[in-house]
Amino acid sequence: MQFDFPALLKHLTGRDRWKEIAGPSSRCGQNHWFERGEENREGVYINVDRSGLTIEISHASGGAERIYSGSVTDEKVKSFVTKD
């Protein structure tokens, strides 16, 4: 499975210019880290495990929230997923 994470993040957050950065591994599934903005410094952690997808955003002002948790086949995200 392949994902268009920048487009998915724009869809879920309404904000663009996400870039993938290096980050630690959870040792469970695939981990992806993104950040946005030079000044704002919002960060996103994405974990793909089996057919599950979890996306959490860390706000520049502090605090974090889970913005998506569910299946990669869910209507909300499936248009951003392609199968190999």
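In this structure, is residue 62 part of a strand (DSSP E or B) and among the small types (Gly, Ala, Ser)? Explain how you work it out, then say what you get.
Working: part of a strand (DSSP E or B): no; among the small types (Gly, Ala, Ser): yes.
No; evaluated as a whole, the condition is false for this residue.
The criterion of at least 3 residues that are within 22 Å of residue 73 (Cβ to Cβ) is met by the following strands (runs of 3 or more DSSP E) wholly inside the stretch 1-58: 30-36, 42-49, 52-58.
Values in this text are rule-based calculations from the coordinates and carry no lab data. Owing to the predicted nature of the structure, the values given are computational and were not obtained by experimental measurement. All Cβ positions, even for glycine, are placed from backbone atoms using ideal geometry, and neighbour counts span all protein chains on display.
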